[in-house]
Amino acid sequence: MKKGAFFAAIDVGTSKVCTLVGRQDAAREMQVVGVGLVPSRGMRKGMVSNLSDVQQVVQASVREAEAQAGVSISSAYVGLTGSHINYINSRASLDNRRYENPVGGGDVDQVIQACYAQSAASGGRVLHVIPRNFAVDGHWGVRNPVGMYTSTLEVESHVVRGDSSPIDNLVEALHRAGVTPRGLVLEPLASAEAVLVGEEREMGVVLVDIGGGTSDMSIFLDGNIWHTGIIPVGGFQFTQDVSIAFTTPFGAAEEAKVRYGNAIPEMIDAEEMIRLPGFGESMVYKVPRQKLCQVLHERMEELLRIVMVQIKESGLESAPPGGLVLTGGSAKMPGLEQLARGMFPGPVRIGVPKAAAWVPRNLEDPSFATALGLLLWDARHETGNGSSGNGNGANGHGGAARLSGFKQWFTNLAQRVHI
Ligand SMILES: Nc1ncnc2c1ncn2[C@@H]1O[C@H](COP(=O)(O)OP(=O)(O)OP(=O)(O)O)[C@@H](O)[C@H]1O
Ligand SMILES: [Mg+2]
């Protein structure tokens, strides 16, 4: 029997499904004790396109992780992405409070709830209400108002919302696979947990998780979330471009992209040729590797330009001083860091999940940023008090904290948000 509190996370990606089980020991040190990694099916651009396919791949991934960890998983934190995700910055205030009573946690909850109520009224699902700035009697710039004197408490929150149908369909696929989501976490927020360092968030940083189906963006300023955005372009489109440009099957294009791809064609010997199969069985063409890289370069450059536009649309002149951090499987493309350095003024780096004792070697890879971030999110936002090696494993600690509705997810998140 294993000892400790168990945490579980599932990243249902467009390319792969990854379930992680983590265990915290008495010293609250996290250790990954179960990994279930299976190629994805039934997902398109981060959304469910075939319920039973998603059910099957989630089930397979969960079973693999359960077998390794020796626990059963009935609930987990789950990542969410897709172009249906949108955000608004919402303001709310608590007026006429008794000045002589310092602000308490209840006041903070109440004003954040007011932001939630405003956002929920406009339809869809509210996923996160993240307070990014408070004002006490009109003075903005307060990070944590608890204990302060004021008669009016105002908050500006970044509210992340999604459409009902894609969210309900993902939840349905998970339920069919025997898993109840304890919380849905926007994927770029999860990835940020795994690859950003505190100083970067303080200085301000742009994180882009370039996955298989989408590129998920989050911008942090002064330690807080400033902007989130989902760009419906990922590795799938890069591969599709190669497939169309060289009239080669998708599978062969994918293999060539991963094996020979480079975002800077000039780095490749102009004489080097690669072989790509045509659609007929025996047809094989020779094409210059540089040409393949040119196709990838154009798509990657276009994506980075969209990122720049989104930075401007978020209200910033350019990338903040912490620069740009690129993660996700497609960030493994050689030459990408260099390409981005030529386009962005500040520092650029590839975000590999933090090298730490608890991250197994095989997960120190940008593809696992979301899954590892979800596990950290679970550990940070749960008390971990239920399952203490009692055989229920990841199943247990959700107990009282297990949530049944989206409003409650919000409620819990709002209470747990770090301010
Ligand atoms: N060396 C490489 N060069 C370029 N692309 C790569 C490389 N290795 C993996 N990829 C791409 O990474 C993508 C998968 O990334 P990832 O595992 O982050 O996606 P995902 O989480 O399943 O998808 P999403 O988050 O978009 O739903 C695939 O498109 C794959 O082709
Ligand atoms: Mg992903």
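Take the residues in segment 44-54 that are crowded, with 20+ Cβ neighbours inside 10 Å and modelled with pLDDT of 95 or more; name whichever of them is nearest to the chain's Cα centre (by Cα).
Taking segment 44-54 first, the residues crowded, with 20+ Cβ neighbours inside 10 Å are 45-48, 54.
Next cut, modelled with pLDDT of 95 or more only: 48, 54.
Details: Val48: 16, Val54: 18 Å.
Going through the qualifying residues, I end up with Val48.
Against the criterion of being modelled with pLDDT of 95 or more and within 16 Å of ligand 2 (Cβ to nearest atom), Thr327 qualifies. Scanning segment 26-60 for residues that are in contact with a Gly (Cβ under 6 Å, 6 or more places away or on another chain) and more than 25 Å from Val233 (Cα to Cα) yields Met30, Val32.
Quick one: how many residues across segment 10-27 are over 18 Å from the mean Cα position of the chain (by Cα), touching a residue at least 40 places away in the same chain (Cβ under 8 Å) and farther than 14 Å from Val359 by Cα? Qualifying residue count, segment 10-27: 0.
Please count how many residues of segment 210-244 are within 16 Å of ligand 1 (Cβ to nearest atom) and in contact with a Leu (Cβ under 8 Å, 6 or more places away or on another chain). Break it down stepwise before answering.
Kept after step one, since they are within 16 Å of ligand 1 (Cβ to nearest atom), are these residues of segment 210-244: 210-218, 228-244.
Narrowing further to those that are in contact with a Leu (Cβ under 8 Å, 6 or more places away or on another chain): 210, 215-218, 228, 231, 233, 238, 241-242.
Residues in segment 210-244 being within 16 Å of ligand 1 (Cβ to nearest atom) and in contact with a Leu (Cβ under 8 Å, 6 or more places away or on another chain): 11 in total.
Restricting segment 333-344 to residues that are part of a loop (DSSP other than H, G, I, E, B) and touching a residue at least 60 places away in the same chain (Cβ under 8 Å), which is nearest to ligand 2 (Cβ to nearest atom)?
Filtering segment 333-344 for residues part of a loop (DSSP other than H, G, I, E, B) gives 333-335, 344.
The next check asks that each one be touching a residue at least 60 places away in the same chain (Cβ under 8 Å); those that pass are 333-335.
Numbers: Met333: 15, Pro334: 20, Gly335: 21 Å.
Filtering first and then ranking leaves Met333.
For segment 11-25, a tally of residues being away from ligand 1 (no atom under 13 Å from the Cβ) and surrounded by fewer than 24 Cβ atoms within 10 Å (Cβ to Cβ) returns 2.
In segment 220-242, what residues are over 24 Å from His297 (Cα atoms) and of a type in the set (Val, Ile, Thr)?
Of segment 220-242, the ones over 24 Å from His297 (Cα atoms) are 220-228.
Ile225, Thr228 - these are the residues of segment 220-242 that are over 24 Å from His297 (Cα atoms) and of a type in the set (Val, Ile, Thr).
On inspection, Val57 qualifies as crowded, with 17+ Cβ neighbours inside 10 Å, closer than 23 Å to Asp163 by Cβ and assigned by TED's automatic domain parsing to the domain that holds Ala371. A residue that is within 16 Å of ligand 1 (Cβ to nearest atom) and either more than 28 Å from the chain's Cα centre (by Cα) or at pLDDT 90 or above (or both) occurs nowhere in segment 100-119. Pairs linking a residue in segment 253-273 that is over 16 Å from Arg299 (Cα atoms) to a residue that is charged (D, E, K, R) and not in a helix (DSSP H, G or I), with Cβ atoms under 6 Å and 6 or more positions apart or on different chains, are Met273/Lys286.
The values are calculated or read from the model by the stated rules, or taken from the named source; none is laboratory data. These figures come from a predicted structure and were not determined experimentally. Glycine also receives a Cβ, built like all others from the backbone with ideal geometry; neighbour counts cover every protein chain displayed.
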